[in-house]
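Asks: Would you mind keeping the following structure in view while I ask a few things?
The values are calculated or read from the model by the stated rules, or taken from the named source; none is laboratory data. From a predicted model like this one, the values you see are computed outputs, not experimental measurements. Reconstructed Cβ throughout: ideal geometry from the backbone, glycine too, with neighbour counts over all protein chains shown.
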């Protein structure tokens with residue numbers, strides 16, 4: 001659809017789709033098109049909506065348009081994972097500021113180290129940790145004990161980098177959608193592996209936590225941790241710095257025993 005829209009000489013183009021990815025692709029590639037008006041028809045059994053892509057492009061800043069596909073891939077699309085506990089709406093608020101520039105050059109091959117670091121910074125900002133934290137591993141340590149489930153923590157740096165590699169491939173495909181036969185990198189070099197003749201994502205190459213730390217006990221006491229109601233005291237271990245919110249008044253820490 002994008003290929004034909006870019007090479008069409010029509011002044012008005014209408015594309016019928018229900019796919020969000022296609023709408024974003026059309027926004028990104030609209031500047032290359034010869035048409036002055038581009039409409040997307042998104043129809044359901046009860047309602048037909050006409051989305052004016054040309055108006056959306058005017059309302060968005062140029063840097064937002066140029067990084068839009070990177071944003072969509074990083075925060076989760078049909079081919080890439082969603083970031084734990086991060087919504088598109090919340091991520092968009094962070095993206096609309098100066099943070100969108102951190103997604104620059106995603107989609108280029110080879111994937112440079114500074115691009116990996118910048119995108120890791122962007123992901124860390126989505127979790128609203130201390131501004132001085134730029135590493136996903138450090139963000140996990142900062143939030144450990146403050147979230148209800150471990151699944152809500154940011155990904156490890158190892159897992160995130162593999163995610164970024166897959167996103168880089170997907171953005172590369174999208175940005176070249178106007179080219180009939182684009183040159184693309186190997187999937188095996190972009191965060192995927194081949195198993196039983198199927199391409200599957202490589203989720204991690206390192207353990208999510210050190211083996212020595214598999215049974216970390218963290219309490220959530222609001223008092224002094226001086227009774228058996230404290231899970232740390234009940235297990236006969238000292239409270240850790242990760243225990244919240246007992247840090248200020250705890251008498252079961254290693255420093256006070």
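Asks: Determine which single condition residue 100 fails, assuming it passes every other condition in (1) at pLDDT below 95; (2) assigned to a helix (DSSP H, G or I); (3) over 17 Å from the mean Cα position of the chain (by Cα).
Replies: (3)
Asks: Do we have any residue at all in segment 31-54 that's surrounded by fewer than 18 Cβ atoms within 10 Å (Cβ to Cβ), over 12 Å from the mean Cα position of the chain (by Cα), touching a residue at least 40 places away in the same chain (Cβ under 8 Å) and part of a helix (DSSP H, G or I)?
Replies: Scanning segment 31-54, I find at least one residue that is surrounded by fewer than 18 Cβ atoms within 10 Å (Cβ to Cβ), over 12 Å from the mean Cα position of the chain (by Cα), touching a residue at least 40 places away in the same chain (Cβ under 8 Å) and part of a helix (DSSP H, G or I), so the answer is yes.
Asks: Right, another one. Name the residue that is modelled with the lowest pLDDT, counting only residues in segment 197-206 that are assigned to a loop (DSSP other than H, G, I, E, B) and touching a helix residue (DSSP H, G or I) at 6+ places or on another chain (Cβ under 9 Å).
Replies: Taking segment 197-206 first, the residues assigned to a loop (DSSP other than H, G, I, E, B) are 197, 202-206.
Add one more test, that the residue is touching a helix residue (DSSP H, G or I) at 6+ places or on another chain (Cβ under 9 Å), and what stays is 202-206.
Values: 202: 96, 203: 95, 204: 95, 205: 94, 206: 91.
Residue satisfying both the conditions and the ranking: 206.
Asks: Considering only residues that are in contact (Cβ under 8 Å) with a residue 24 or more places away in the chain and more than 16 Å from the chain's Cα centre (by Cα), look in segment 132-172 and name the one that is surrounded by the most Cβ atoms within 10 Å (Cβ to Cβ).
Replies: Applying the filter and picking the extreme gives 172.
Asks: Against the conditions (1) under 17 Å from the mean Cα position of the chain (by Cα); (2) crowded, with 16+ Cβ neighbours inside 10 Å; (3) under 30 Å from residue 65 (Cβ atoms), where does residue 175 fall short? Just the number, please.
Replies: Of everything listed in (1) under 17 Å from the mean Cα position of the chain (by Cα); (2) crowded, with 16+ Cβ neighbours inside 10 Å; (3) under 30 Å from residue 65 (Cβ atoms), residue 175 misses just condition (1).
Asks: Looking for something closer than 21 Å to residue 106 by Cβ and within 27 Å of the chain's Cα centre (by Cα) - is there at least one such residue anywhere in segment 2-13?
Replies: Checking segment 2-13: at least one residue is closer than 21 Å to residue 106 by Cβ and within 27 Å of the chain's Cα centre (by Cα).
Asks: Every residue in segment 3-29 that is more than 17 Å from residue 171 (Cβ to Cβ), free of Cβ contacts under 8 Å to residues at least 60 places away in the same chain and assigned to a helix (DSSP H, G or I), please.
Replies: Result: 4, 5.
Asks: A follow-up question, please. Can you pull out the residues in segment 207-235 that are outside any loop (DSSP other than H, G, I, E, B) and modelled with pLDDT under 70?
Replies: Residues satisfying the conditions are 211, 212, 213.
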